[in-house]
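Novice: Once you've had a glance at the structure underneath, I'll fire off some questions.
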Amino acid sequence: MQTGRRLLGNGRHRTPGRGLMPVRPTSVGPPMARVERGHRGERRPDSGQAGARRQFDNRPLLVFWETTKACDLACAHCRADAQRDPGPDELSTAEGFALIDDLAGIGRPRPILILTGGDCLKRDDIVTIATHAKSMGVPAAIAPSVTPQLTSPRLWALCDQGVKTASLSLDGATAGTHDAVRGIDGHFEATLAAIRRLQRHGLTVQINTTVMRSNIGELADIAALMHEMNVDIWEVFFLITTGRGTGIEASTAEENEDICNFLVDASQYGFTVRTVEAPFFRRVALERRRAGGMPAETTFEHGPLYSQLHDRLQTLLGPPTAPVRAPSAATRDGKGIIFVAANGDVYPSGFLPLRLGNVRDQSLMQIYRDDPLLRAIRDADFAGQCGVCEHADLCGGSRSRAYAASGDPLGEDPGCILTLAGAALPHP
């Protein structure tokens with residue numbers, strides 16, 4: 001290895017001052033998969049599943065139903081651009097039942113139905129909806145807001161109807177950061193109290209954190225808080241410039257790489273770490289696993305942000321205490337994930353505003369299985385660097401970020417460092 005270069009887990013080297021340079025694949029990863037041409041004319045790896053029914057082709061893993069636009073909060077980065085009152089065209093109780101029946105009709109294993117919003121607790125019939133889901137064998141989870149709607153009687157009622165998991169949002173390790181995002185003084189302390197309330201009800205607690213410029217430096221402190229509060233799952237959202245998030249500065253591709261390596265570290269403290277709109281986290285976790293689980297600081301090229309977060313985490317919590325807990329299910333917008341808006345419109349995800357149809361007119365499962373865009377997403381039929389990447393199936397890039405950046409939902413993801421690595425290279 002030449003002086004001044006360090007091995008990266010993707011088979012590339014970095015030369016100081018020159019960015020990423022491609023080299024022949026090393027023993028860190030497998031040889032490049034066999035490449036074929038998709039209908040977009042780009043070279044892409046063959047997943048090895050041609051002619052076979054692949055995971056998530058026939059049914060999603062997660063169905064997000066935006067039960068209402070109504071929410072008492074006014075969060076700065078809100079995807080839903082939520083409002084105080086319900087919209088006039090939101091799905092009725094009966095239409096919600098029909099959606100659940102559609103999911104039940106595909107047989108086991110049925111998708112998990114995430115009741116989100118806005119604030120799902122702003123619907124008076126939310127317990128009735130959960131009751132119907134339970135009767136049809138469709139597992140349901142809730143994603144409420146921390147407001148006065150989040151009461152123990154409603155939680156007990158939902159738990160009685162089979163709801164086992166609830167997610168809340170926490171976007172800072174301090175009141176100053178979190179409250180500024182949520183737009184309400186005292187919301188940080190209210191959220192900590194809500195976490196404890198969910199735990200008292202026996203719910204699996206997931207905490208959602210959106211990465212943005214204002215809280216990047218607090219991620220290690222948030223991770224320590226997850227550990228101290230015995231949170232089960234930390235789901236980290238990488239900002240997409242949609243909804244109210246268009247005015248917020250997102251992290252860069254280099255920072256994303258550092259954050260993902262840090263998240264692998266954080267997952268070794270007793271809670272599961274997942275990401276949203278950062279499928280390259282799975283690639284980072286795979287590279288770390290292939291390197292024998294060694295810390296990124298000794299094995300991979302990393303930037304100052306990783307060093308800062310890694311050192312702060314170890315200062316707060318000491319050395320890792322558990323194996324890595326980073327699931328590797330190869331889902332992405334439209335592959336294993338589908339989103340139903342409050343008015344029944346269907347989208348690949350809540351962050352990708354390309355309408356595919358409406359459940360009032362068409363079966364959700366029919367849309368999921370047959371829509372040409374979703375088929376292309378599941379085929380990893382991408383343009384640019386995502387189309388030629390050996391991790392096209394495992395990762396495939398954020399389709400939402402690709403669309404936000406270029407208007408092409410099948411384009412390359414500018415949030416991934418491998419996109420930057422290939423940006424100066426001629427396309428094959």
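Novice: Over segment 322-428, what number does the Rg to Rh ratio reach, with both radii from the alpha-carbon atoms and Rh per Kirkwood?
Specialist: Rg/Rh for segment 322-428 comes to 1.02.
Novice: How many angstrom separate the Cα center of segment 278-351 from the Cα center of segment 191-260?
Specialist: The distance from the Cα centre of segment 278-351 to that of segment 191-260 comes to 12 Å.
Novice: Of all DSSP beta bridges in segment 269-397, what percent run antiparallel (nearest 5)?
Specialist: 75
Novice: Considering only protein heavy atoms and a 1.4 Å probe, what is the carbon-and-sulfur percentage of the accessible area of segment 232-368?
Specialist: Ligands and nucleic acids excluded, carbon and sulfur give 50 percent.
Novice: Run the numbers for Arg196 and Arg375: contour at 0.36 nm per residue of separation, minus the present Cα-Cα distance, in nm.
Specialist: Net length gain for the segment: 60.3 nm.
Novice: Let me know the Rg and Dmax you get for segment 307-358 when you use only its Cα atoms, in Å.
Specialist: Reported Rg and Dmax, both Å: 18.8, 50.
Novice: Okay, next question. Viscosity 1.567 mPa s, temperature 4 °C: give me the Stokes-Einstein translational D for segment 252-404 in µm²/s, with Rh taken as the Kirkwood radius over C-alpha pairs.
Specialist: Estimated via Stokes-Einstein, D reaches 76 µm²/s.
Novice: Could you quote the convex hull projected area for segment 129-243, Cα atoms only and averaged over all directions, in nm²?
Specialist: 7.7
Novice: Follow-up. When all protein chains stay in place, what accessible area (Å², nearest 10, 1.4 Å probe) is found for Lys134?
Specialist: Only protein atoms counted, so the area is about 110 Å².
Novice: By how many nm would the segment from Asp185 to Leu354 lengthen if fully extended, with 0.36 nm per residue of separation less the alpha-carbon distance?
Specialist: Full extension of this stretch gives 57.3 nm more.
Novice: Rounded if a/c is under 1.5, else prolate if a/b beats b/c, else oblate: with a ≥ b ≥ c from the C-alpha gyration tensor eigenvalues square-rooted, which is segment 188-273?
Specialist: oblate
Novice: Arranged from highest to lowest average of other beta-carbon atoms within 10 Å per residue, in what order do the peptides 360-367, 175-182 appear?
Specialist: 175-182, 360-367
The values are calculated or read from the model by the stated rules, or taken from the named source; none is laboratory data. Here the structure is a predicted model, which is why all the values come from computation and not from measurement. Cβ: placed from backbone, ideal geometry, glycine included. Neighbour counts: every protein chain shown. Only protein heavy atoms, including side chains, enter the accessible area calculation; ligands, DNA and RNA are left aside. Shrake-Rupley method; radii C 1.70, N 1.55, O 1.52, S 1.80 Å.
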